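What follows is a single structure, written as structure tokens, with notes after it.
Bear in mind that the values in this text are calculations on the coordinates, not laboratory data. Keep in mind that this is a model prediction, so the values were computed, not measured. As a convention, Cβ positions derive from the backbone with ideal geometry for all residues, glycine included, and neighbour counts pool all protein chains shown.
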Amino acid sequence: MFRIGFWLLLLGLQGCVGHGLQHNQTMLTETGQLVVVVADHWDSPVAQMYTFQANGSGWQATDITGDVNIGRNGLAWGIGLHPSQTGLHKQEGDGRALTGVFALGDAFGYLQSVNTGLNYAAMQAGDYCIDVNGSPYYNQIVNQQSVGDAVVAESTEPMRRDIHKQQNIYKKGIVVQHNPANLSGQGSCIFMHLWFGPNVATAGCTSMPEARMDALLHWLDAGQNPRMVLLTRDAYQNRRIIWGLPQLPGDEK
């Protein structure tokens, strides 16, 4: 009985490990660039950003690093490339940044062009990201002339915030591909963008100074399928091996 129970336990553990490795194949082996954001705890509004380039032997840290601001209420699990997790999950309007692994999408901004290897979209006065629960355009960037005034009437996310809100934070940014099925209420319009200043939390995005955003945009290459990883430090260490994440600079091996 003991031996039978032992082998059943072992097979069960192998199944769990295999499941994790399968997700790892989807999450990271197809990417050559990682943006890693690590917070000290689940309620932190600030974090540290690191970047890594894949090489023949693993991950090499780059010099694009520094403090970033995240959600004013801390963190919650988002919907991305990682396996389903237990715990608090992102909801519309909760003021929490995402945890998990996510593809990075297009760059966007106020300028006609920027120096980046990502696809870039210059935002117009009528461009909005729809954060209205129940909208068929939820979590999508649309143009007012194309979808009509009623669709954008309740959205709080004009993409030209310089025009509508006298704010510069969307001058340069990157779409984080959270909630790709656009499930209503599960969180919308998650970006990396410019900050208002140090220690000024966001509604759920990741913000940084313009010089660091410029370096990030210049480095990122759509052809390398870049990914963003955002976790607490403990969650990162607990998942680092099975998810194939790089060792963070300064951490003991």
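A DSSP coil position with no more than 16 other Cβ atoms inside 10 Å describes the following trypsin sites (Lys or Arg not before Pro) in the stretch 96-178: K165.
Taking 1.567 mPa s as the viscosity and 4 °C as the temperature, the Stokes-Einstein diffusion coefficient of the chain based on its alpha-carbon Kirkwood radius rounds to 68 µm²/s. The string of couplings for the stretch 161-169 from the Karplus curve (6.51, -1.76, 1.60, θ = phi - 60°) is 5, 5, 7, 8, 9, 6, 10, 9, 5 Hz, one whole number per residue in order, with x for Gly and Pro.
Note on K172: aspartates and glutamates with a C-alpha under 13 Å away, same-chain residues under 8 apart excluded, are D106, D162, E210, D214.
Taking a Cβ cut-off of under 10 Å around Q177, the surrounding Lys, Arg, Asp and Glu residues balance to a net charge of 0, with basic ones at +1 and acidic ones at -1.
Can you check how the C-alpha radius of gyration of the stretch 94-225 compares to 2.2 N^0.38 Å, as a plain ratio? Before the final figure, lay out the partial values.
Numbers: Rg = 14.2 Å, N = 132, 2.2 N^0.38 = 14.1 Å.
It is 1.01.
Rounded to the nearest whole angstrom, the semi-axes of the ellipsoid equivalent to the stretch 72-146, taken from the Cα gyration tensor as √(5λ), stand at 26, 18, 11, largest first. Across the stretch 243-251, computed HN-Hα scalar couplings (Karplus, 6.51 cos²θ - 1.76 cosθ + 1.60, θ = phi - 60°) run 8, x, 7, x, 5, 6, x, x, 7 Hz from first to last residue, x flagging Gly and Pro. Highest mobility in the GNM of the chain, judged by mean-square fluctuation with C-alpha springs under 10 Å and restricted to I242, I130, I169, is found for I242. Distances between placed amide hydrogens fall under 5 Å for D106 paired with V175, all partners being 5 or more residues away or on another chain.
Here the calculated FRET efficiency for Q112 and L248, from their Cβ-Cβ distance with R0 = 45 Å, stands at 0.75, rounded to the nearest 0.05.
The 3J(HN,Hα) values that the Karplus relation (6.51, -1.76, 1.60; θ = phi - 60°) gives for the stretch 185-201 are, in residue order, x, 8, x, 9, 6, 9, 10, 9, 8, 6, 9, 6, x, x, 6, 9, 5 Hz. Gly and Pro appear as x.
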